[in-house]
1. Tell me, which residue of segment 140-168 that is open to solvent by 60 Å² or more (accessible area, probe 1.4 Å) and in a strand (DSSP E or B) is farthest from Ala78 (Cα to Cα)?
2. Would you please list the contacts, defined by Cβ atoms under 6 Å and residues six or more apart or on different chains, that run from a residue in segment 102-129 that is touching a residue at least 40 places away in the same chain (Cβ under 8 Å) to a residue that is in a strand (DSSP E or B) and of a type in the set (Gly, Ala, Ser)?
3. Looking at segment 194-241 only, could you name the residues that are open to solvent by less than 50 Å² (accessible area, probe 1.4 Å) and part of a loop (DSSP other than H, G, I, E, B)?
4. Before we move on, is Phe77 within 23 Å of Asn182 (Cβ to Cβ), out of contact with any Phe, Trp or Tyr (no Cβ under 8 Å at 6 or more places or on another chain) and not in a loop (DSSP other than H, G, I, E, B)?
5. For segment 80-116: of the residues being part of a loop (DSSP other than H, G, I, E, B) and under 19 Å from Thr196 (Cβ atoms), which is least open to solvent (accessible area, probe 1.4 Å)?
6. Here is a check on your reading of the model: is Asn191 outside any helix (DSSP H, G or I) and not small (Gly, Ala, Ser)?
7. Only residues that are out of contact with any Gly (no Cβ under 8 Å at 6 or more places or on another chain) and in contact (Cβ under 8 Å) with a residue 40 or more places away in the chain: list them for segment 66-76, please.
8. Quick check, is Phe45 modelled with pLDDT of 95 or more, surrounded by 14 or more Cβ atoms within 10 Å (Cβ to Cβ) and assigned to a loop (DSSP other than H, G, I, E, B)?
Amino acid sequence: MPYGLYMSAEGAQAQSRRLEVIANNLANVNTIGFKPDVAAFQARFAESIQQGDAAPGGRGIDDVGGGVKVIETLTNFAAGRLQRTGNESDLAIIGNGFFQVAGDDGEALLTRAGAMRLDAEGRLLTANGHAVLDPGGAPIQLAPDVPWTVSKDGYVQQGEGAVPIALVEPESLDELNKVGANLFRPRGDVNPVAETAREVRSGFLEMSGANPTRQMMAMIEASRAFEANARLIQTQDSMIEGLVGRVLRAA
């Protein structure tokens, strides 16, 4: 394959992946607690270097660069805007930390989506039905017919009792993997948020961190870059076709 055609194809593939990420962000601009992703690009070595046939830094024809590639998808954990709902079971974390909830297999997962409810048995659940945990890792259990509130430091108060909601944070946000439904799986240990830093606002929800205007601008930019690479592929294909035709006519 001619090298220019190869580089244009790599560019188109990278922009296609970027468009997929942006489209997912746009689909979740109204999803509570959603954290948008960003496709991270990196320059590729020339194909001969990628295959181990040449060494980088040679400054020869085998070291002219190989376009770009998407190396990973990064998550932007910046806090979303708060929206007042007036529903006391809606909770928003102020500052750092995540709610700790039980996954489908019982594994402890993390989320910033604070839309919660009580089921008929008095279990405190997220909107997706995951049990909210206390610092000991047990599901929070309440009396289903007794009023309850959540204090500013994240304690569920019912009658004379008070149970803290597990607010935790990983050693690094880079250790979190998205597992769907606004849940994150930590790859390492998590630590409880310090008592002095625990702050939960009842009657509010943290909305999506995906800004629709910025995401639309990014989509237009990525679309134009994809189209530019596609046009380059067509142009180079036409040049090759013309060259082959002239060679055949001269033969």
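The values are calculated or read from the model by the stated rules, or taken from the named source; none is laboratory data. Quantities reported herein were computed from a predicted structural model and do not represent experimental measurements. Cβ sites come from the backbone with ideal geometry, for glycine too, and all protein chains shown count toward neighbours. SASA here: full protein model, heavy atoms, side chains in, ligands and nucleic acids out. Shrake-Rupley method; radii C 1.70, N 1.55, O 1.52, S 1.80 Å.
1. Gln141
2. Partner pairs satisfying both residue conditions: Gly114/Ala92; Ala127/Ala115.
3. Within segment 194-241, Arg198, Gly203, Met207, Ser208, Gly209, Ala210 qualify.
4. Judged against the criteria, Phe77 is not a match.
5. That would be Gly97.
6. Spelling it out, Asn191 is indeed outside any helix (DSSP H, G or I) and not small (Gly, Ala, Ser).
7. If the condition is that a residue be out of contact with any Gly (no Cβ under 8 Å at 6 or more places or on another chain) and in contact (Cβ under 8 Å) with a residue 40 or more places away in the chain, then Gly66, Lys69, Val70, Thr73, Thr75 are the ones that fit.
8. No, not satisfied.
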